[in-house]
Amino acid sequence: MENKFFRWQRFKGQLKKFVPIPFLLGGLVLFVFTALNTPLIMHLKEHTISAVAPLIAGVSAPLNYFRQVGENMSDYWHVYEENKRLKAENEILRDWRTLAIKLSFEHQELSKLLNYQQVAEGREYVVQILSDYNSPFSQSLILNGGRNIGVQKGDVLVSNNGLIGFVQSVGSKTARALKVTDYYARLPVYIGVNRYPAIMSGDNSAFPKLNSLPEEARLSDGDFVMTAGTVGVYPAGIPIGTVKTDVNGELWVDLFEKVHNLEFVRVIDFGLEGLLPDTCQGASEQ
């Protein structure tokens, strides 16, 4: 008698021969169903889609929900990172604001301490330097501009750093200016917080000398030197340099502007009458 196990095995082998047939028939029906466009087929398609649509919607709804949640999480993460960056920038801006307030307060206090007065405004020209003439006998500049642009004798030369000198003579298209280091350059200055008066005099070296200081003056290296504006040549308050003491105890001025490699200067007419009119207008004609 044949064993049940072997009968079952033989039945499964025969069944496997017929398993592909339903799939083939199903594929053929599906092909016909999708390829043909007869009214009957179209009607069946509509009913099939209507029947399957709720199932598809039911399956896709959770997928869409999780996809939306993922997108929202991604957006939240970007907002979080952006918020962190903005907080860091805000901290930096807050530090800068604190520093600006501190510097503004210090400026006000120092201005009160120095009894600082704003330098008077005047008519200003930007003029090119044609020649920087330095010799044992003269420290001067030749400027590419004269009466043709309005430059006058006594106009003050400054840079963004400080005082340079003044116009000594004017021609039609050029002018000659003496630097504060020239031997004939003399001007009253104030020094330090106590505004000690002194005379700064050039000697054709790189550092003008300080003379005629009051006996009670107590100066240190680095004390601020600025114009006093007491003789009508320079207005008060133009920065010049700082005090520099040599090994012999003599006082000099370390200028803010050394004029080296300077191509342009600002020539300013403050409307002061401290210098005599230029009676030799052709002295610097080029």
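The values are calculated or read from the model by the stated rules, or taken from the named source; none is laboratory data. Keep in mind that what you see is a predicted model, and the values were worked out from it rather than measured. When we count neighbours, we look across all protein chains shown, and the Cβ atoms used for this are built from the backbone with ideal geometry, even at glycine. The area values use the complete protein model at the heavy-atom level, side chains included, leaving out ligands, DNA and RNA. Shrake-Rupley method; radii C 1.70, N 1.55, O 1.52, S 1.80 Å.
Before moving on, here are some points about what is shown:
- Every residue from region 224-257 that is part of a loop (DSSP other than H, G, I, E, B), open to solvent by less than 40 Å² (accessible area, probe 1.4 Å) and either modelled with pLDDT of 90 or more or not aromatic (F, W, Y) (or both): A228, G229, G232, V233, P235, A236, G237, I238, E257
- Residues located in region 178-205, provided they are closer than 24 Å to I142 by Cα, touching a Leu at 6+ places or on another chain (Cβ under 9 Å) and surrounded by fewer than 16 Cβ atoms within 10 Å (Cβ to Cβ): Y184
- Scan region 207-218 for residues that are open to solvent by 40 Å² or more (accessible area, probe 1.4 Å) and in contact with a Phe, Trp or Tyr (Cβ under 9 Å, 6 or more places away or on another chain) and the total you get is 5.
- Residue count for region 198-220, restricted to those that are under 37 Å from the mean Cα position of the chain (by Cα) and modelled with pLDDT under 90: 4
- Here G146 passes the criteria (1) open to solvent by 10 Å² or more (accessible area, probe 1.4 Å); (2) at pLDDT 85 or above except the one numbered (1).
- Single residue of V127, V151, V119, V167 found to be in a loop (DSSP other than H, G, I, E, B) and at pLDDT 90 or above: V151
- Every condition in (1) at pLDDT 70 or above; (2) closer than 30 Å to D223 by Cα; (3) open to solvent by less than 100 Å² (accessible area, probe 1.4 Å) is met by R97 except one, and the failing one is (3).
- Test for T174: is it surrounded by 15 or more Cβ atoms within 10 Å (Cβ to Cβ) and among the hydroxyl-bearing types (S, T, Y): yes
- Filter pass, V79 being surrounded by 13 or more Cβ atoms within 10 Å (Cβ to Cβ), modelled with pLDDT under 90 and β-branched (V, I, T): no
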